[in-house]
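Asker: Quick one: structure below, then a few questions.
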Amino acid sequence: MRRSIMLSCGSYLPKKVMTNSDLAKLVDTTDEWIEQRTGIKKRHIAGEGEKTSDMATFAAEKALKKANLTGKDIDMIVLATTSPDNTFPATAVTVQANIGMHDKGFAFDIQAVCSGFIYALATADNFIKAGQVKRALVIGAEHFTSLIDWKDRTTCVLFGDGAGAVVLEANDNASGTKADRGILSTHLHSQGEFRSLLYVDGGPSSTKTVGHVRMNGKEVFRHAVTRMSEAIMEAMRENDVDPSEVKWLVPHQANKRIIDATAEKLNLSPDSVVMTVAEHGNTSAASIPLALTTAVEDGRIQRGDLILMEAMGGGLTWGAALARW
Ligand code: ACO
């Protein structure tokens, strides 16, 4: 049986850091309010002229290097972003050119907001399982702060910029059991009737502007815990996995309270949760590969560990992926 092995990961954070106290100089907020309600202490902000493709390229190059590969070894790039360099072409094709993936393969973007990385991982996994590609680069990259209304204290305190990438490779000798390394299953969902809970109030065919993030925070919070718990249960059920077998929960990093509530609801130990929201804020599609890379690089996630990734975002979109690292 064919499985997609996660060979390596890499990430990139812009140099500029904005603390909660820095934000308190822009809007009527406090360090205490932000930390108490979200767990966020600081976030990274892209530098002048630094684009989503630049951050994505840095993360991709780090992941490729760790796998001893170059762009020439990659057949496909799937890049999840809500903040592309341009309306078109896809940011993924700029990364394709940057990493020297010439005369071969294909690259495209995926738009599922904060669930983007799970959607991109599921897409690449399915291309690999279908036998169409051997190696894929899955990237989540966001210049999310370019979508922020810096006068709106209910949203501007939440988000940050960054990128993360994972290299996937086909393994044709998998046993087909949960003991296999690689992606065991992915689960995607969306419900368009809730799109007005979290959206950007601009776009080419509506206002011909880029627009700003608008959100009903309380409702999004409510849906997030319910939907992400459902997706996690779906993934565990499909693979006959008990919560005690999950070594690491690598959730979308939106809010510490959402992550804590989800882990508690599912009886997952707080010690098994990778939490980077304090340092990164919500980096949308980049948040899971950023958290994954942090925990792999600091030695928490070891080869063979069962990891559960989950996210929810605008759309509403949500999903989960269960994998053995
Ligand atoms: N600083 C100080 N006060 C604030 C701020 C701020 N930055 N923002 C709002 N307030 C005020 C409100 O005006 C309100 O004041 P009032 O009581 O006088 O009316 C009070 O704080 C409470 O506001 P609530 O919106 O009720 O606060 P809540 O506890 O719901 O927290 C938050 C708000 C943090 C946005 C929360 O709802 C949340 O995290 N929701 C999830 C949203 C999210 O994570 N979205 C990201 C994308 S989706 C995803 O990634 C899952």
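The values are calculated or read from the model by the stated rules, or taken from the named source; none is laboratory data. Since this is a predicted model, take the numbers as computed values, not measurements. A quick note on method: Cβ atoms are made from the backbone with ideal geometry, for glycine too, and the neighbour counts reach across all protein chains shown.
Asker: Need pairs with beta-carbon distance below 6 Å; first residue among the acidic types (Asp, Glu) and within region 134-158, second within 9 Å of the ligand (Cβ to nearest atom); sequence gap 6+ or separate chains.
Answerer: Glu142/Ser284
Asker: Also, I was wondering about something else. Any idea which of Met275, Met309 is surrounded by 24 or more Cβ atoms within 10 Å (Cβ to Cβ) and either closer than 23 Å to Glu169 by Cβ or aliphatic (A, V, I, L, M) (or both)? Steps first, please.
Answerer: Details: Met275 fails: surrounded by 24 or more Cβ atoms within 10 Å (Cβ to Cβ).
Every option except Met309 fails the conditions.
Asker: Let me ask you something else. Just to be sure I understand the filter: pairs with C-beta atoms under 6 Å, separated by 6 or more residues or on different chains, first member in region 24-41 and in a helix (DSSP H, G or I), second member polar (S, T, N, Q) and more than 7 Å from the ligand (Cβ to nearest atom). Which pairs pass?
Answerer: Asp31/Asn20; Asp31/Ser21; Ile34/Asn20
Asker: Between residues in region 230-247 that are within 16 Å of Pro270 (Cα to Cα) and residues that are hydroxyl-bearing (Ser, Thr, Tyr), which pairs lie under 7 Å by C-beta distance while being six or more apart or on different chains?
Answerer: Pairs found: Val246/Ser272; Lys247/Ser272.
Asker: Exactly one of (1) modelled with pLDDT under 95; (2) touching a Pro at 6+ places or on another chain (Cβ under 9 Å) is unmet by Ala174. Its number?
Answerer: Every condition holds for Ala174 apart from (2).
Asker: Just wondering, is there one or more residues in region 113-120 that are more than 14 Å from Val138 (Cβ to Cβ), free of Cβ contacts under 8 Å to residues at least 12 places away in the same chain and either within 20 Å of the chain's Cα centre (by Cα) or not assigned by TED's automatic domain parsing to the domain that holds Gly281 (or both)?
Answerer: No: region 113-120 contains no residue that is more than 14 Å from Val138 (Cβ to Cβ), free of Cβ contacts under 8 Å to residues at least 12 places away in the same chain and either within 20 Å of the chain's Cα centre (by Cα) or not assigned by TED's automatic domain parsing to the domain that holds Gly281 (or both).
Asker: Quick one: would you say Ala63 is among the aliphatic types (A, V, I, L, M), part of a helix (DSSP H, G or I), touching a helix residue (DSSP H, G or I) at 6+ places or on another chain (Cβ under 7 Å) and under 18 Å from Met101 (Cβ atoms)?
Answerer: no
Asker: Moving on. Give me the strands (runs of 3 or more DSSP E) completely within region 106-209, filtered to those with at least 2 residues that are within 26 Å of Val246 (Cβ to Cβ) and not acidic (Asp, Glu), ordered by residue number.
Answerer: In region 106-209, the matching strands (runs of 3 or more DSSP E) lie at 135-142, 162-171, 182-190.
Asker: Has region 39-53 got at least one residue that is of a type outside the set (Gly, Ala, Ser), within 16 Å of the ligand (Cβ to nearest atom), surrounded by 22 or more Cβ atoms within 10 Å (Cβ to Cβ) and over 16 Å from the mean Cα position of the chain (by Cα)?
Answerer: yes
Asker: Give the residues of region 71-84 that are in contact with an Asp or Glu (Cβ under 9 Å, 6 or more places away or on another chain) and in a loop (DSSP other than H, G, I, E, B), sorted by residue number.
Answerer: Thr81, Thr82, Ser83, Pro84
Asker: Take the residues in region 197-219 that are within 13 Å of Ser146 (Cα to Cα) and crowded, with 16+ Cβ neighbours inside 10 Å; name whichever of them is nearest to the ligand (Cβ to nearest atom).
Answerer: Taking the candidates together, the pick is Val213.
Asker: Within region 231-250, identify whether any single residue is surrounded by fewer than 20 Cβ atoms within 10 Å (Cβ to Cβ), of a type in the set (S, T, N, Q) and within 16 Å of the ligand (Cβ to nearest atom), and answer yes or no.
Answerer: No, region 231-250 contains no residue that is surrounded by fewer than 20 Cβ atoms within 10 Å (Cβ to Cβ), of a type in the set (S, T, N, Q) and within 16 Å of the ligand (Cβ to nearest atom).
Asker: Then there is this: For region 278-306, enumerate the residues that are surrounded by fewer than 24 Cβ atoms within 10 Å (Cβ to Cβ) and part of a loop (DSSP other than H, G, I, E, B).
Answerer: Asp298, Gly299, Arg300, Ile301, Gln302, Arg303, Gly304, Asp305
Asker: Right, next: Of all the residues that make up region 210-246, how many are farther than 28 Å from Thr154 by Cβ, of a type in the set (Gly, Ala, Ser) and at pLDDT below 95?
Answerer: The number of residues fulfilling the criteria is 1.
Asker: May I pose another question? Could you list, in sequence order, the residues of region 1-23 that are in contact (Cβ under 8 Å) with a residue 24 or more places away in the chain and either within 28 Å of Lys218 (Cα to Cα) or in a helix (DSSP H, G or I) (or both)?
Answerer: Passing the criteria: Val17, Met18, Asn20, Leu23.
Asker: Next question, about the same structure. Taking the stated definitions as given, is Asn126 more than 16 Å from the ligand (Cβ to nearest atom) and either more than 18 Å from Gln253 (Cα to Cα) or polar (S, T, N, Q) (or both)?
Answerer: Here the answer is yes, as Asn126 does meet what is asked.
Asker: Continuing with the same structure: Can you report the number of residues in region 234-277 which are more than 16 Å from Val296 (Cα to Cα) and in a helix (DSSP H, G or I)?
Answerer: The number of residues fulfilling the criteria is 20.
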